[in-house]
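S.K.: For reference, the structure I am asking about is given below.
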Amino acid sequence: MAIAAGVWFMLAAAVTGGFTSLKGSGIGAIEFTGAYYVFRHLLGPVDSSVRVIRFSCKLTILAVAVALLDPLSGKLFTYEFVKGITGYVIPVFEGTVTAQSETVFRNGLVRAMGPFEHSILFGTICVWFGSLALITFPSRLFAWWFAGIALIGVWFSGARGPLLAYGMSCALALFYFVANDFSARWKVLGLLVASGITFIFLFSGSPIATILKLSLVDPMTGWYRQAIWEVAGSLVIQSPIFGIGSTEEWDWHAHGILSSASVDAFWLRTAMTYGIPGSLLIFLTMVTAFQLGPIDTSRYLSREERRLSVALGIVITAAVFIGFTVDYWGTCWILLGVFSGMRANLAEVAILRHRAARAMEARDA
């Protein structure tokens, strides 16, 4: 699925934008497919995945410290610092700072962004690694301490989607630990969620609006997201196979409430760029990492590896859901491949260690 996704990115881009579009789509394929295979096949020794996550958590602490300089200084500190040295400019930030836009300001404070291109990306990174640390590490001191730091980062990012994702991840983690003796817990929960979503789409006149309302997002935010789906969704329906390409020239003026060409929905934006098959292949790459079933009871994995397998499942589940209301790019986009590859690696490691143990037993016999 990962190879198919990368090939489809380039095929769809060639169809919609010609061979000149292969540069951008090729980079996108390398970022997602390449990251997946690097973390699927290059993690070897025991607990290597756990060590990668622990090191990433420590880097996230540094990122949070740097990002908090934004609200404390009343400006995008890191962005202005880098711009002063390199001249690198993000045009959308230049106008929004002057206009006091919610893209940069919220609740009277500058939204924490730090070394990332947007506060949503920063908040999402905090959510993912905060959830991974909370579930993976048996040392409760490190787990809760880091989860608290991540929550501070999410709060000052001012991003409602990541805050919702953090709540969802914590709820799923609590469900896992409470229902640990019930082997079919995930199947039952998945069936209930799937039934609820199916019911909404069958009987709701506006399913996206209903889902957003149930997600407890701000009414104005929900209204804006609904408008995005109405306008951009119609464009996807007109070109469902290959999408409309990577162009920003989409008809966002078709709805009076829309104020920019931004598409705040990862799955919708991907369908616009690479068609519905592009979104589907990304989704299948992520979920087929779990095709071998739960491995949290495998005696061939360490305690931290078993817990990490659960944490990755919860993070990917939250990422899939929140992807309907926020967009992923840059670091977050790459991490979708990293987390999927890491989970597939853990499953394969459990199988290989099991085979090695059986071979050793047969030899000794």
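S.K.: Report, by residue number, each residue of the range 170-185 that is free of Cβ contacts under 8 Å to residues at least 40 places away in the same chain, in a helix (DSSP H, G or I) and small (Gly, Ala, Ser).
M.R.: Answer for the range 170-185, where residues must be free of Cβ contacts under 8 Å to residues at least 40 places away in the same chain, in a helix (DSSP H, G or I) and small (Gly, Ala, Ser): just Ala171.
S.K.: Could you tell me whether the range 80-93 includes any residue that is acidic (Asp, Glu), in contact (Cβ under 8 Å) with a residue 24 or more places away in the chain and on the phi < 0 side of the Ramachandran plot? Give the derivation first.
M.R.: So the first thing to find is which residues in the range 80-93 are acidic (Asp, Glu), and the list is 80.
Retained after the next criterion (residues that are in contact (Cβ under 8 Å) with a residue 24 or more places away in the chain): none.
No: zero hits.
S.K.: Right, here's the next one. Can you name the residue in the range 143-169 that is over 18 Å from the mean Cα position of the chain (by Cα) and touching a residue at least 12 places away in the same chain (Cβ under 8 Å) and, of all such residues, is surrounded by the fewest Cβ atoms within 10 Å (Cβ to Cβ)?
M.R.: From the range 143-169, those over 18 Å from the mean Cα position of the chain (by Cα) are 143-146, 148-149, 152, 156; that's our starting set.
Filter once more, so that each one left must be touching a residue at least 12 places away in the same chain (Cβ under 8 Å): 146, 149, 152, 156.
Numbers: Phe146: 24, Ile149: 19, Ile152: 15, Phe156: 26.
Among them, the one singled out is Ile152.
S.K.: Moving on. On the basis of being touching a helix residue (DSSP H, G or I) at 6+ places or on another chain (Cβ under 9 Å) and either modelled with pLDDT of 85 or more or within 26 Å of Thr20 (Cβ to Cβ) (or both), does Ala271 make the cut? It would help to see each step written out before you state the result.
M.R.: Values: touching a helix residue (DSSP H, G or I) at 6+ places or on another chain (Cβ under 9 Å): yes; either modelled with pLDDT of 85 or more or within 26 Å of Thr20 (Cβ to Cβ) (or both): yes.
Against the criterion (touching a helix residue (DSSP H, G or I) at 6+ places or on another chain (Cβ under 9 Å) and either modelled with pLDDT of 85 or more or within 26 Å of Thr20 (Cβ to Cβ) (or both)), Ala271 qualifies.
S.K.: Please find, within the range 258-279, the residue that is farthest from Asp327 (Cα to Cα) out of those that are without any contact (Cβ under 8 Å) to a residue 60 or more places away in the chain, assigned to a helix (DSSP H, G or I) and more than 15 Å from the chain's Cα centre (by Cα).
M.R.: Filtering first and then ranking leaves Ile276.
S.K.: Next question. Does the range 111-126 include one or more residues that are touching a strand residue (DSSP E or B) at 6+ places or on another chain (Cβ under 8 Å), surrounded by fewer than 24 Cβ atoms within 10 Å (Cβ to Cβ) and charged (D, E, K, R)? Step through it out loud before you land on a result.
M.R.: First pass over the range 111-126, keeping only residues touching a strand residue (DSSP E or B) at 6+ places or on another chain (Cβ under 8 Å): 111.
Still in the list and also surrounded by fewer than 24 Cβ atoms within 10 Å (Cβ to Cβ): 111.
This time we only want the ones that are charged (D, E, K, R), so: 111.
Yes, because at least one residue in the range 111-126 is touching a strand residue (DSSP E or B) at 6+ places or on another chain (Cβ under 8 Å), surrounded by fewer than 24 Cβ atoms within 10 Å (Cβ to Cβ) and charged (D, E, K, R).
S.K.: Being charged (D, E, K, R) and within 19 Å of Ser260 (Cβ to Cβ) is the filter; apply it to the range 192-235 and report the residue that is nearest to the chain's Cα centre (by Cα). Let's see the steps before the verdict.
M.R.: Of all residues in the range 192-235, those charged (D, E, K, R) come to 213, 218, 225, 230.
Checking the rest, the ones that are also within 19 Å of Ser260 (Cβ to Cβ) come to 218, 225, 230.
Values: Asp218: 21, Arg225: 18, Glu230: 23 Å.
The selected residue is Arg225.
S.K.: Output the residues belonging to the range 253-265 that are farther than 22 Å from Cys332 by Cβ and at pLDDT 75 or above. Before you say what the answer is, go through the steps one by one.
M.R.: The initial filter retains those residues of the range 253-265 that are farther than 22 Å from Cys332 by Cβ, namely 253-259.
Result: Leu258, single match.
S.K.: From Phe122, Phe116, grab the single residue that is more than 29 Å from Ile295 (Cβ to Cβ) and in contact (Cβ under 8 Å) with a residue 60 or more places away in the chain. Quick ask: steps written out before the conclusion?
M.R.: Details: Phe122 fails: in contact (Cβ under 8 Å) with a residue 60 or more places away in the chain.
Checking each option against the conditions leaves just Phe116.
S.K.: Right, another one. Need at least 2 residues that are small (Gly, Ala, Ser) per element, so show me which helices (runs of 4 or more DSSP H) inside the range 62-150 make the cut, counting only ones lying wholly within it. Spell out the reasoning first.
M.R.: On the way: elements: 69-73, 77-86, 91-99, 119-136.
Passing ranges, in order: 91-99, 119-136.
S.K.: Something else about it: Out of Glu102, Glu80, report the one residue that is at pLDDT below 85 and either touching a Lys or Arg at 6+ places or on another chain (Cβ under 9 Å) or farther than 20 Å from Val326 by Cα (or both).
M.R.: Numbers: Glu80 fails: at pLDDT below 85.
When all the criteria are applied, what remains is Glu102.
S.K.: Tell me which residues, restricted to the range 287-305, are within 20 Å of Arg358 (Cα to Cα) and either of a type outside the set (A, V, I, L, M) or assigned to a helix (DSSP H, G or I) (or both). Quick ask: steps written out before the conclusion?
M.R.: Going through the range 287-305, the residues within 20 Å of Arg358 (Cα to Cα) turn out to be 292, 295-302.
If the condition is that a residue be within 20 Å of Arg358 (Cα to Cα) and either of a type outside the set (A, V, I, L, M) or assigned to a helix (DSSP H, G or I) (or both), then Asp296, Thr297, Ser298, Arg299, Tyr300, Ser302 are the ones that fit.
S.K.: Pick from Val320, Val326: which is outside any helix (DSSP H, G or I), at negative phi and not charged (D, E, K, R)?
M.R.: Val326
S.K.: Of the residues that make up the range 271-287, is at least one within 18 Å of Thr33 (Cβ to Cβ) and touching a Cys at 6+ places or on another chain (Cβ under 9 Å)?
M.R.: Checked against the condition, which is being within 18 Å of Thr33 (Cβ to Cβ) and touching a Cys at 6+ places or on another chain (Cβ under 9 Å), the range 271-287 yields no hits at all.
S.K.: Suppose we filter the range 5-23 for residues that are under 30 Å from Phe290 (Cβ atoms) and crowded, with 16+ Cβ neighbours inside 10 Å; how many remain?
M.R.: The initial filter retains those residues of the range 5-23 that are under 30 Å from Phe290 (Cβ atoms), namely 5-13.
Next, only the ones that are crowded, with 16+ Cβ neighbours inside 10 Å stay: 5-6, 8-13.
Of the residues in that region, 8 qualify.
S.K.: Restricting the range 26-81 to residues that are closer than 30 Å to Met1 by Cβ, out of contact with any helix residue (DSSP H, G or I) (no Cβ under 6 Å at 6 or more places or on another chain) and basic (Lys, Arg), which is surrounded by the fewest Cβ atoms within 10 Å (Cβ to Cβ)?
M.R.: Among them, the one singled out is Arg51.
S.K.: Please go through the range 186-241 and pick out each residue that is of a type in the set (A, V, I, L, M, F, W, C), surrounded by fewer than 18 Cβ atoms within 10 Å (Cβ to Cβ) and in a loop (DSSP other than H, G, I, E, B).
M.R.: Leu216, Ile241
S.K.: On to the next question. How many residues are among the polar types (S, T, N, Q) and more than 27 Å from Ser309 (Cβ to Cβ) when one looks only at the range 1-55? First the steps, then the outcome.
M.R.: Initial filter on the range 1-55 (among the polar types (S, T, N, Q)): 16, 20-21, 25, 33, 48-49.
Next, from what is left, pick out any that are more than 27 Å from Ser309 (Cβ to Cβ): 16, 20-21, 25.
Residues flagged as among the polar types (S, T, N, Q) and more than 27 Å from Ser309 (Cβ to Cβ) within the range 1-55 amount to 4.
The values are calculated or read from the model by the stated rules, or taken from the named source; none is laboratory data. Just so we're clear, the structure is a prediction, and the values are computed from it rather than from any experiment. As a convention, Cβ positions derive from the backbone with ideal geometry for all residues, glycine included, and neighbour counts pool all protein chains shown.
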